[in-house]
1. For region 181-200, how many residues meet the condition of being in a loop (DSSP other than H, G, I, E, B) and either surrounded by 16 or more Cβ atoms within 10 Å (Cβ to Cβ) or modelled with pLDDT of 80 or more (or both)?
2. Given the conditions (1) at pLDDT 80 or above; (2) surrounded by fewer than 14 Cβ atoms within 10 Å (Cβ to Cβ), report the number of the one that residue 110 does not fulfil.
3. Can you tell me which of (1) modelled with pLDDT under 95; (2) part of a loop (DSSP other than H, G, I, E, B); (3) surrounded by 15 or more Cβ atoms within 10 Å (Cβ to Cβ) is the one residue 73 doesn't meet?
4. List the number of the failed condition for residue 144; all other conditions in (1) on the phi < 0 side of the Ramachandran plot; (2) in contact with a strand residue (DSSP E or B) (Cβ under 8 Å, 6 or more places away or on another chain); (3) at pLDDT 70 or above hold.
5. Select from region 113-125 the residues that are surrounded by 13 or more Cβ atoms within 10 Å (Cβ to Cβ) and modelled with pLDDT under 90 and write down the one among them that is nearest to residue 40 (Cα to Cα).
6. Any idea which of 103, 142 is in contact (Cβ under 8 Å) with a residue 24 or more places away in the chain and in the same structural domain as residue 183 (by TED's automatic domain parsing)?
7. How many residues does region 136-178 contain that are within 30 Å of residue 95 (Cβ to Cβ) and surrounded by fewer than 17 Cβ atoms within 10 Å (Cβ to Cβ)?
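The values are calculated or read from the model by the stated rules, or taken from the named source; none is laboratory data. Owing to the predicted nature of the structure, the values given are computational and were not obtained by experimental measurement. With ideal geometry, Cβ positions are generated from the backbone for all residues, glycine too; neighbour counts draw on all protein chains shown.
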């Protein structure tokens, strides 16, 4: 009778441990994912700024702010630029952050493991060809829909300036005004006339 009771009690402890520790491990996994997401986003922001030396420190700092410090013995935060895994492998426009930690068990340690490894991975990046302008004039008939005049300068060398207007003076730069953009687009095409300076 005692043997049956002991076996039943052990099984009860195992199920309780599975429930309690399983919930805790799931919670830790969600926390690790949030830290990996924040780290990847921070790394991508540095990538966008052109600060490649700051990608890893920024990613690790944001992971730390979310509870996973790479300096802790039970935590490893790996930052890869370009990513070493997944569909973005080798793409220098993306940052991969992997957060690994050891989550200790409570009841499960009686019948099994004393800890469980939790791993989360996130990838974030920049898309140079994002498919959208930073300045867009929507009026389809306006003359001077985008106008720069006097000594004003519109300096947007890494983005597009686009108008949907069909007017032949839809984008104007006059009186010393200058527009610099990666693309200057009209409803009828792109151009680099007058005071326009188009890069690329």
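1. Pass one, region 181-200, residues in a loop (DSSP other than H, G, I, E, B): 187-188, 191-195, 199-200.
Still in the list and also either surrounded by 16 or more Cβ atoms within 10 Å (Cβ to Cβ) or modelled with pLDDT of 80 or more (or both): 195.
Final tally of qualifying residues: 1.
2. Unmet condition: (1).
3. For residue 73, the failing item is (3).
4. (1)
5. Keep residues of region 113-125 that are surrounded by 13 or more Cβ atoms within 10 Å (Cβ to Cβ), which gives 115-116, 118-125.
Cutting the leftovers down to modelled with pLDDT under 90 gives us 115-116.
Values: 115: 26, 116: 24 Å.
Checking each candidate, the answer is 116.
6. Details: 103 fails: in the same structural domain as residue 183 (by TED's automatic domain parsing).
Every option except 142 fails the conditions.
7. If we filter region 136-178 for residues that are within 30 Å of residue 95 (Cβ to Cβ), which is where we start, we get 136, 155-162.
Applying the additional criterion that residues be surrounded by fewer than 17 Cβ atoms within 10 Å (Cβ to Cβ) yields 136, 155, 157-159.
So the answer is 5.
Results for (1) modelled with pLDDT under 90; (2) under 19 Å from the mean Cα position of the chain (by Cα), shown as yes or no for each residue.
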{"position": "7", "(1), (2)": "yes, no"}
{"position": "14", "(1), (2)": "yes, no"}
{"position": "19", "(1), (2)": "yes, no"}
{"position": "28", "(1), (2)": "no, no"}
{"position": "32", "(1), (2)": "no, yes"}
{"position": "43", "(1), (2)": "no, yes"}
{"position": "51", "(1), (2)": "yes, yes"}
{"position": "54", "(1), (2)": "no, yes"}
